[in-house]
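S.K.: Let me give you the structure first, and then I'll get to my questions.
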Amino acid sequence: MTDKTVLPTDENIRAAARAISDGGLVVFPTETVYGIGADAASPAAVRRIFEAKGRPSDNPLIVHVADHDDVSRLAEVTDTARRLMETFWPGPLSIVLTTRGGIPDIVTAGLSTAAFRMPRNEIALALIRASGVPIAAPSANKSGRPSPTDAASALLDVGSWVEMVLDGGRTGIGLESTVVDATGSRAVVLREGGVSREMLEKVVQTAGADEMTDVRRSPGTRHRHYAPTVPVMLWSGGDIAVESDRWSFIGMAEPPLEWGVPVVRRLFGGVDEYARELFFSLREFEIVSDIIIAELPDSSGIGAALRDRLERAAAKS
Ligand code: TXA
Ligand code: MG
């Protein structure tokens, strides 16, 4: 199985693009996390993505494009969306727009909208261009697991389903894109991610997701997510009872000495490094410890996305 993992040479990217055109699946890196992609126009190929992940069919996929024109063909680009695209693309922002048709129901989970993203990763962009089609791609993890931030984690979760894994090394951001609904005059953040609210607010008017009564608008947030195989306990500086000797720690501050010695711990120099290392650490620490204690950072910048992922990873159901 490991011989599916290849370096992203021009030749290998062309081979991966052919696999996509032939209805196959390919794992590829983006600046956020690794994706598992298929031709967005092929319902049969996209169905296999849902099978590979064990993903509920009511959770729509992001359509990855290599330029702005791909979006104009497929969806109604609002002024809000245009401003977001000009400012943040290529980059970690997925923009939800009303479709014009032409995107299979399996991609959109039957919604009248679709999420679009132009990634800021040369391998991903080269793959989309060489494929000649938009690529539907969720994160390349089994549904509910931490997203893969390296090729080996993706291979472990979905390797048997894909033709190839393009290995672009560790991803730079480490958390997924921000998902924003831009169908109206105000941008609504549906999922925190690589582009912070502060950054969005400099460019467009925003509204809280709580102003949206319609759950259709953020389907993915209903499901359990990012969970390692051992419990995650959140720490914000106070007293907590550590229930096992085999605990591990991730965060930016030293854990209190009274807790004793962790099996393993990783301290980060700042919130960006914490975000970049979170999913990788969860996947590593679940193997060696019985409980992962994670410091909850404050919510400025990427801290908001980091808090969201940590809270979901710690959620009991
Ligand atoms: O960084 C990322 O976004 C990565 C890389 C591979 O691009 N992809 C990713 O995809 O995280 P996924 O499928 O794991 O998350 C997509 C999120 C889900 O929460 C889904 O519900 C939401 O986007 N979404 C997709 N289409 C939507 C739509 N039409 N309306 C509202 N939310 C949508
Ligand atoms: Mg995901």
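S.K.: Regarding the chain, what whole-number volume in Å³ per residue does the convex hull of its Cα atoms give?
M.R.: 124 Å³
S.K.: Quick one: grab the alpha carbon gyration tensor of segment 256-298, order the square roots of its eigenvalues as a ≥ b ≥ c, and give me rounded if a/c is under 1.5, else prolate or oblate depending on whether a/b is larger than b/c.
M.R.: Oblate.
S.K.: Next up: Residues of segment 263-290 with backbone nitrogen within less than 15 Å of a virtual label 7 Å along the Cα-to-Cβ line of residue 244, please, listed as ranges.
M.R.: 263-265, 282-290
S.K.: Rounded to the nearest Å, what's the spacing between the alpha carbon centres of segment 33-57 and segment 72-141? Just the number, please.
M.R.: Centre-to-centre distance over Cα atoms comes out at 15 Å.
S.K.: Any chance you could give the angle, 0 to 90 degrees and rounded to 10, that helix 122-131 forms with the longest Cα principal axis of the chain?
M.R.: The answer is roughly 30 degrees.
S.K.: Can I ask one more? Separation of segment 295-311 and segment 157-181 by C-alpha centroid, Å?
M.R.: Each part's Cα centre sits 21 Å from the other's.
S.K.: Decide, for segment 11-148, between rounded, prolate and oblate: order the square roots of the alpha carbon gyration tensor eigenvalues as a ≥ b ≥ c, take rounded if a/c falls under 1.5, and otherwise choose prolate if a/b is larger than b/c, else oblate. Walk me through the numbers on the way to the answer.
M.R.: Details: a/c = 1.40, a/b = 1.17, b/c = 1.20.
Rounded, since a/c falls under 1.5.
S.K.: Neighbour counts of other C-beta atoms within 10 Å: give me 199, 164 arranged from fewest to most. Intermediate values should be presented prior to the final figure.
M.R.: On the way: 199 16, 164 23.
Taking fewest neighbouring Cβ atoms as first place, the list is 199, 164.
S.K.: Each residue of segment 47-63 in order: what ³J(HN,Hα) in whole Hz does its phi give by Karplus 6.51 cos²θ - 1.76 cosθ + 1.60, θ = phi - 60°, with x for Gly and Pro?
M.R.: So the Karplus estimates, Gly and Pro as x, are 4, 5, 4, 4, 5, 4, 8, x, 8, x, 6, 8, 10, x, 9, 8, 8 Hz.
S.K.: To continue, here is another question. So, in nm, how far is label residue 21 from label residue 252 when the simple model puts each one 7 Å beyond its Cα toward the Cβ?
M.R.: It works out to 4.7 nm between the two label points.
S.K.: Something else about it: As a footprinting exposure proxy, order 147, 57 by other Cβ within 10 Å, with the fewest listed first.
M.R.: Going from sparsest to densest Cβ surroundings: 57, 147.
S.K.: What does the net charge come to around residue 177 if you take all other residues with beta carbon closer than 11 Å to its beta carbon, with K and R at +1 and D and E at -1?
M.R.: Net of charged neighbours comes to 0.
S.K.: Can you list the lysines whose alpha carbon sits under 19 Å from that of residue 53, skipping same-chain ones fewer than 8 residues off?
M.R.: Output for residue 53: 4, 142.
S.K.: Separate question: Taking the Cα centre of the chain as origin, sum charge times position over the Cβ atoms of Lys and Arg (+1) and Asp and Glu (-1), and report the length of that vector in debye to the nearest 20. Kindly include the intermediate steps, with their values, before the conclusion.
M.R.: Working: 34 positive and 43 negative charges, 148 e Å.
Here the chain has a charge dipole of around 720 debye.
S.K.: Can you tell me what percent of all Cα-Cα pairs in segment 61-220 are more than 20 Å apart? Don't skip to the end; give the middle numbers.
M.R.: Details: 6399 of 12720 pairs.
Here the tail beyond 20 Å accounts for 50 percent of pairs.
S.K.: Taking H placed 1.01 Å from N in the peptide plane, check which residues at least 5 places from residue 251 or on another chain put their amide H under 5 Å from its amide H.
M.R.: Counting only residues 5 or more places away or on other chains, the set is 266, 268, 295.
S.K.: If you take every DSSP beta bridge whose two residues both sit in the chain, what share of them, in percent to the nearest 5, is antiparallel? Each step should come with its number before you reach the end.
M.R.: Numbers: 16 of 41 bridges.
Approximately 40 percent, going by the DSSP bridge assignments.
S.K.: Let me ask something else. For a test of the definition: using alpha carbon positions, the gyration tensor, and the 1.5 limit on a/c, classify segment 95-136 as rounded, prolate or oblate.
M.R.: prolate
No value in this document is a laboratory result; all are computed from the given coordinates. This is a predicted model, so every value here is computed, not measured. Cβ coordinates were reconstructed from backbone atoms using ideal geometry, including for glycine residues, and neighbour counts include every protein chain displayed.
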